[in-house]
Ligand code: FES
Ligand code: FES
Ligand code: FES
Ligand SMILES: [Fe+2]
Ligand SMILES: [Fe+2]
Ligand SMILES: [Fe+2]
């Protein structure tokens, strides 16, 4: 299947308003609708390198698979987080007798994390299983401080840079972690929301606009198909980058005048231009945000059908370590608090006032949509409008280019995901059972 | 189908004990057993008018449908609480730019709440959808301070007074809100429990009996079929009103003497008489309770299969505003605390002692029955006795007269109903996610 | 079906390592794999006699059935905890008007707990149901302070001593309750874990080893089939008792030396010997633990598919009441705190340090395995090793000897089991609903 781009019935049509009409009814992106649990045979951002020190162990769930990570001599390795003996999660109580090994806390099966080989069993030294059993490993790459994991069965896996936003791969880029959160929505809703610039409207009261004086429109979208560039080579990365020519700065709603934040009525804002791209499997790049010269990256990595990892990073080109240190300091002190706060004031409505980060609101908003899409099949009932053209393009691109659809396979939805958003926590133990956050 | 009344095999039988035997085995009320989610094409009490001020917005779930309400120039309007664009709940973050409109917080679709017309889109002013898209609206009526909503597809809907307890419609009635709670039981168990006077026994230790000195029997029920009046005209209201002639004031249980509350052994209580009616779809009227001259109304509006809105109001005929003010003051200070307290002492067993309201206990009791009826099919396994005759009459009436059975249709059971009874809360946001009650 | 013992293909094979290989692939214990909810027609330990005083009432769920207990003249009786009238749980609000009776709090149906006969209805004295209705009763026996309940339909039931660990029946035995907890794992995982001595490894940092100076190996298992005695008469008790000849005191794991707790490198520990048996339906006996001369008993009684009652008792032969008193004092002050603490320090990792009891860790560990076995079918995917020979023997014994498999029958999985482990609590009421432990 090729992308919607080559669909003959769309040939010659340029107006995005008309394109939404024509595409919406036909929904030429069926595989996308099936990809609840993510795309198979792709690389996913999982955590920041700073979150795993030398010799440390951590567990994560990605696309429904439970995975344990360990860093050895600077390199991150990944194994299935389910002991082949009787299923215990290594990460629930990590044990390491040596740099290269990980031992199961229950009966002491000990694996070399580099290749999954069973190297010893503490409780039956010299077992005949030693040297025979090999535990499932996952390919891992660490790039600019972000750890990427390959979910799939291609061997060897495709190059990781085919699944990364192109600007993230720029030489000299310094990337600084901002936030990593487990959010309660399907990954596709998160990706679509991140890219959809019409939802800027919902951010208009964000505290960020009090801190930095850039005008941001109520909405912005492309009027013509050729304002969307499809990055669609044979090998990836695959994504779409849009150039918005319609910016909404003012609107009259039933007699009330609504104005975009930081708009100066004396000035024209027509030179406002932010380039935004969305890349497979689930990475956003924004050039620039939240301040000129700063690249903003997001990832919406599937955890399971109902949750995704929401990762945010800022980046800039830096020359030398002084510039890098200055950028990181600026991130910590100025930029990161604008987009994500771990504790806002719960008495202030979401997104209103300075208590919440700009992107905390997205986290909340995506959750609002999840129920209707996941359980009430809003995928087939939504009523799209012109700014959604880019959403349709994204869906068609993914449907055409994905290497596969992830399914539960030999995993099951993990119990313990709870309404408080605690999610899969392999360290979940007596502490958590007393009702405290682990 | 006509009601059980006309069943030839029951002809001539008058004794309620014998009738229970004959009816129980045949269960001639199959449609009632299917109406888990409520009756379709009926009017339901949803909230008190005082809970929605001019210009305010609130969300509720009724019979599984999520609905948003707004008051405009004194009139309450209702819309589907699910934006046709991408499914957001308007009520999650209400936005109003004008008196007549409601705007979706996510991309600014703006509707006239009076007719559901899309009047503008903030993020694409002048969209070609404007003037074409019409969002689903629901009929609403406000009577004596109670807001009624029509769930169904009859157009026009039947007159609201066909679905209201007759005494509630008396001219000159002043109705005062007492409580509105989301309870964890199917609506049918609530209605049956409210009407079933044999469960008075369970209330015998209620604090109410310490406050007011009316004797209340351990149980009370009709001995003869003709002590039950079926209000069963062609158009409704449809209900049953009973006249109990058997009152149990004393009983000997395996050697122990049990006496009804406030019974004076020197006196006869044979003149005790309270008229109780149960009306479709789910309204109770009690004349009198908790004190002579006071009408007591209850509604058990279905929320979903496992929950109902439990609304309680007191009413009296008043002449002039002074009498009304005095009655409302008496309700607040004397009557309401007898039947409902929001915070009882959790260390005192339910219903014993003065800490709990009379009807708090019903809330607890219905929840106790829900599991066995809903999951263990007690509808077909219960073993009824003589006082349950009125329950059987109610079931047969509903089965014969209901305008339809509600099903999930294009809605799904909403996630987020939690064991703490928080229920569907469209305002559920970051505050609630931190584990606090919103 | 006879036990795996008589399987011709295993004839003559003695080495446990080879036996695991041969048996693992064939899984000759299918009925065991079906027994999610427990074995039918067996006796189960439910609570300690001290937990039910004369005249008291309590509810429990066993093998998915909800049961209410009352003690009358010293004898414990049990009834279905679901009123035949309309399903209320008697135990939710126990009412007793006389020693022999239990009254339903909702409409006053009153039963003789000794035979289940309906003796009166408070709300309709002299009902024609009285003397006709008989409620389901369950056989109960109380032995050495443990209350056993029969789940099944054999009438009469088999003698209770066919379902009890033999050493528990020793004349002169004094048994002292240690702990009774509701744990979140299937009962079979608990039984296998309790018996599996290779998991001793996981306990190596337990606080117990700081308190008492007995060396305990990292692992211990039998090398030969004839080191396992199958107690397998015609009538029961049925169980297996093992004699471990391979004890692991030291092991080298990828260059690191791991030593068992309290091991003196100067001494031989070859005389270390603890006899452990596992008996149907779910009882462990350890001779000795946690100190020489003390018998340690455990039961893993199924609650539902996802939970079990984890009961622990210590016992010793005592002559006279002085010896008994001294033993009970020692249990309270010295022994019980070693194996179970109700509140450990949640900041200390499980099982490390002195804060947690030895068996608290098992409770945590079993929960870790439950998800993969129950939802990811690890029963068919586990990869066993030599020490698991005894687990396979247990499974084959149960499959061959069980009197039946329990199913949900006319019960349903009970809602209200919550992630905080609160479980089926018939006393669950307003207090619990406010988020506090009832
Ligand atoms: S479960 Fe991991 S070693 Fe046994
Ligand atoms: S979801 Fe309501 S406007 Fe987009
Ligand atoms: S439910 Fe027990 S007496 Fe009615
Ligand atoms: Fe956003
Ligand atoms: Fe009541
Ligand atoms: Fe253990």
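A few notes on this one:
- Residue match in region B:58-67 (condition: closer than 22 Å to residue B:151 by Cβ, more than 16 Å from ligand 6 (Cβ to nearest atom), away from every other protein chain (no Cβ under 12 Å) and not in a strand (DSSP E or B)): yes
- Filtering region B:85-106 to residues that are assigned to a loop (DSSP other than H, G, I, E, B) and either in contact with a strand residue (DSSP E or B) (Cβ under 7 Å, 6 or more places away or on another chain) or more than 14 Å from ligand 2 (Cβ to nearest atom) (or both) leaves B:85, B:89, B:94, B:96, B:97, B:98, B:99, B:100, B:105.
- Helices (runs of 4 or more DSSP H) lying entirely in region B:329-419 (those with 2 or more residues that are at negative phi and at pLDDT 95 or above): B:389-401
- Exactly one residue among B:68, B:13, B:62, B:46 is crowded, with 19+ Cβ neighbours inside 10 Å and touching a helix residue (DSSP H, G or I) at 6+ places or on another chain (Cβ under 6 Å), and that residue is B:68.
- Taken together, the residues in region A:115-147 that are touching a helix residue (DSSP H, G or I) at 6+ places or on another chain (Cβ under 8 Å) and under 16 Å from residue C:386 (Cα atoms) amount to 5.
- Residue within region A:124-134 that is closer than 28 Å to residue A:44 by Cβ and modelled with pLDDT of 95 or more present: yes
- Condition broken by residue B:84, with the remaining ones in (1) within 14 Å of chain A (Cβ to nearest Cβ); (2) farther than 23 Å from residue A:258 by Cβ satisfied: (2)
- Condition check for residue B:181: under 22 Å from the mean Cα position of the chain (by Cα), assigned by TED's automatic domain parsing to the domain that holds residue B:272, under 20 Å from residue B:289 (Cα atoms) and away from ligand 4 (no atom under 16 Å from the Cβ): yes
- Region C:273-321: number of residues that are buried (at least 22 other Cβ atoms within 10 Å of the Cβ) and either free of Cβ contacts under 8 Å to residues at least 12 places away in the same chain or in the same structural domain as residue C:49 (by TED's automatic domain parsing) (or both): 0
- Number of positions in region A:118-158 that are within 14 Å of chain C (Cβ to nearest Cβ) and in a loop (DSSP other than H, G, I, E, B): 14
- Filtered residues of region A:372-387 (kept if surrounded by fewer than 24 Cβ atoms within 10 Å (Cβ to Cβ) and facing another protein chain (nearest Cβ under 9 Å)): A:373, A:374, A:375, A:376, A:377, A:378, A:381, A:382, A:383, A:384
- Those residues of region A:225-255 which are in contact with a helix residue (DSSP H, G or I) (Cβ under 7 Å, 6 or more places away or on another chain) and without any contact (Cβ under 8 Å) to a residue 24 or more places away in the chain, in sequence order: A:245
- Candidates C:248, C:240, filtered to the one that is within 14 Å of residue C:195 (Cα to Cα) and crowded, with 20+ Cβ neighbours inside 10 Å: C:240
- Restricting attention to region A:74-84 and to residues that are in contact with a helix residue (DSSP H, G or I) (Cβ under 9 Å, 6 or more places away or on another chain) and not in a strand (DSSP E or B), the residue that is farthest from ligand 2 (Cβ to nearest atom) turns out to be A:83.
- Condition broken by residue C:175, with the remaining ones in (1) facing another protein chain (nearest Cβ under 10 Å); (2) crowded, with 19+ Cβ neighbours inside 10 Å satisfied: (1)
- Any hit, region C:205-224, residues being over 27 Å from residue C:331 (Cα atoms), out of contact with any strand residue (DSSP E or B) (no Cβ under 8 Å at 6 or more places or on another chain) and either within 14 Å of another protein chain (Cβ to nearest Cβ) or touching a residue at least 12 places away in the same chain (Cβ under 8 Å) (or both): no
Each row is one residue, and each column tells you yes or no for (1) away from ligand 4 (no atom under 16 Å from the Cβ); (2) in contact (Cβ under 8 Å) with a residue 24 or more places away in the chain; (3) crowded, with 21+ Cβ neighbours inside 10 Å.
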site	(1), (2), (3)
B:89	yes, yes, yes
B:104	no, no, yes
B:115	yes, no, no
B:123	no, no, yes
B:134	yes, no, no
B:156	yes, no, no
B:163	yes, yes, yes
B:186	yes, yes, yes
B:197	yes, yes, yes
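The values are calculated or read from the model by the stated rules, or taken from the named source; none is laboratory data. Bear in mind the structure is a predicted one, so any value in this text is a computation, not a measurement. Cβ atoms come from the backbone with ideal geometry, glycine included; neighbour counts cover every protein chain shown.
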